[in-house]
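In what follows, a single structure is set out as structure tokens and then discussed.
The values are calculated or read from the model by the stated rules, or taken from the named source; none is laboratory data. If you're wondering where the values come from, they're calculated on a predicted model, not measured in any experiment. Here Cβ is always computed from backbone atoms with ideal geometry, including for glycine, and neighbour counts include all displayed protein chains. The accessibility values were calculated without ligands, DNA or RNA, using every heavy atom of the protein model including side chains. Shrake-Rupley method; radii C 1.70, N 1.55, O 1.52, S 1.80 Å.
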Amino acid sequence: SHTEAAMRAIDRTLRLVRENDSRMELVLSTDDFYRTKDMGKLGIVMAFQNATPFGDDLGLVDAFHGVGIRCVQLTYNQRNLAADGCLEPEGGGLSLYGVDLMHAMQDAGIAVDLSHVGDNSVEHAIRIAKHPLAFTHSNARRLCENTRNKTDDQILNLAGGGGVIGLNAFPAFLSSDGSRPHIQDLLDQADYLLGLAGADSVSIGLDFIEGWTDVEKVNLRKHAHAFGSSYDFPVGLEGVSQLPNLTRGFLSRGHDEQTIKGILGENLLEFFKRVWK
């Protein structure tokens, strides 16, 4: 089951983090980010990209929070018991169960992510949320027409409720004509989102997958209209090692230090402070 698979994945992650020579630390609170940075280690936040591990059992929400889950996406591209994903052609809003599940996650202190969620479910979730929500890795649809990107209204309503949107470097979400994007396309998205949602609401969620194999690409290829057919990250930002280029780009666009620090992490930390218990 999805629940068992999730438990095994959590177990594998915790084993990796707890190895004696591990360079990783598990992050359970915002203080942990700062502590981990001081240790010179990489902070790991455990998250689900789909709510399927809960099955139909709200009782598992506290249990998964207890073992360290701190962020959950309501659904991943397709329909589940809670909501409809962005690939569903006739997507609806949240189910009755989905409403209860989202409230239970927010009560437990789990951040709720709407990145891969379909429009009607996104809008329904924003309307009924008790606490801020996030698009952890999505761009503005106004600049790149893609079902995985978000409309101006969705972004404004999410940001107005204290949420954040994370800039995504995945090629199909930056360039709608199938051509390989450039780091400037990501900087254009940043400029647009800052103007639309404000300096406190923009973050990064670059969707970098390094060293992936064809196995990971099989599902993407099935839905080329959304994910494109080429997965080369932007020129100038091909991977994590080139992150300094992003900072240079923000500076070249005239953003001040506070805005840039916000995008590079502080806004996301503030969001987690608002939603984690």
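Return the residue satisfying two criteria in turn: it lies in segment 205-230 and is of a type outside the set (A, V, I, L, M) and not in a loop (DSSP other than H, G, I, E, B), and of such residues it is surrounded by the fewest Cβ atoms within 10 Å (Cβ to Cβ). I'd like the intermediate steps shown before the answer.
Initial filter on segment 205-230 (of a type outside the set (A, V, I, L, M)): 205, 207-208, 210-214, 216-217, 219, 221-223, 225, 227-230.
Next, only the ones that are not in a loop (DSSP other than H, G, I, E, B) stay: 214, 216-217, 219, 221-222, 225, 227.
On the way: D214: 7, E216: 11, K217: 14, N219: 11, R221: 12, K222: 10, H225: 9, F227: 22.
Top of the filtered list is D214.
Could you run through segment 84-115 and say how many residues are assigned to a loop (DSSP other than H, G, I, E, B) and touching a strand residue (DSSP E or B) at 6+ places or on another chain (Cβ under 6 Å)?
Taking segment 84-115 first, the residues assigned to a loop (DSSP other than H, G, I, E, B) are 84, 86-95, 109-110, 114-115.
Applying the additional criterion that residues be touching a strand residue (DSSP E or B) at 6+ places or on another chain (Cβ under 6 Å) yields 110, 114-115.
Residues that pass the stated criteria total 3.
Given the criteria open to solvent by 20 Å² or more (accessible area, probe 1.4 Å), assigned to a helix (DSSP H, G or I), closer than 24 Å to T147 by Cβ and out of contact with any Ser or Thr (no Cβ under 7 Å at 6 or more places or on another chain), does L193 qualify? Break it down into steps so the answer makes sense when it comes.
Details: open to solvent by 20 Å² or more (accessible area, probe 1.4 Å): no; assigned to a helix (DSSP H, G or I): yes; closer than 24 Å to T147 by Cβ: yes; out of contact with any Ser or Thr (no Cβ under 7 Å at 6 or more places or on another chain): yes.
For L193, the condition - open to solvent by 20 Å² or more (accessible area, probe 1.4 Å), assigned to a helix (DSSP H, G or I), closer than 24 Å to T147 by Cβ and out of contact with any Ser or Thr (no Cβ under 7 Å at 6 or more places or on another chain) - is not met.
Identify all residues within segment 63-75 that are open to solvent by 10 Å² or more (accessible area, probe 1.4 Å) and either assigned to a helix (DSSP H, G or I) or more than 26 Å from E270 (Cβ to Cβ) (or both); write none if there are none. Don't jump to the end; show me each part of the working.
If we filter segment 63-75 for residues that are open to solvent by 10 Å² or more (accessible area, probe 1.4 Å), which is where we start, we get 63, 65-67, 70-71.
Of everything in segment 63-75, those that are open to solvent by 10 Å² or more (accessible area, probe 1.4 Å) and either assigned to a helix (DSSP H, G or I) or more than 26 Å from E270 (Cβ to Cβ) (or both) turn out to be A63, H65, G66.
Scan segment 255-274 and report the pairs whose first residue is of a type in the set (D, E, K, R) and whose second residue is part of a helix (DSSP H, G or I), with Cβ atoms within less than 7 Å and a gap of 6+ or a chain change.
K273/T30
Residue by residue through segment 1-23, note down the ones that are open to solvent by less than 50 Å² (accessible area, probe 1.4 Å) and either assigned to a loop (DSSP other than H, G, I, E, B) or over 30 Å from N80 (Cα atoms) (or both).
The answer is V17, S22.
Does S241 meet the test of being of a type in the set (G, A, S), open to solvent by 70 Å² or more (accessible area, probe 1.4 Å) and assigned to a loop (DSSP other than H, G, I, E, B)?
Details: of a type in the set (G, A, S): yes; open to solvent by 70 Å² or more (accessible area, probe 1.4 Å): yes; assigned to a loop (DSSP other than H, G, I, E, B): no.
Criteria not met by S241.
How many of the residues making up segment 42-56 are over 19 Å from the mean Cα position of the chain (by Cα) and open to solvent by 70 Å² or more (accessible area, probe 1.4 Å)?
So the answer is 1.
Give me the residue from segment 147-190 that is among the acidic types (D, E) and closer than 29 Å to K217 by Cβ and, out of that set, most open to solvent (accessible area, probe 1.4 Å).
Keep residues of segment 147-190 that are among the acidic types (D, E), which gives 152-153, 177, 185, 188.
Checking the rest, the ones that are also closer than 29 Å to K217 by Cβ come to 177, 185, 188.
Working: D177: 121, D185: 53, D188: 68 Å².
My answer is D177.
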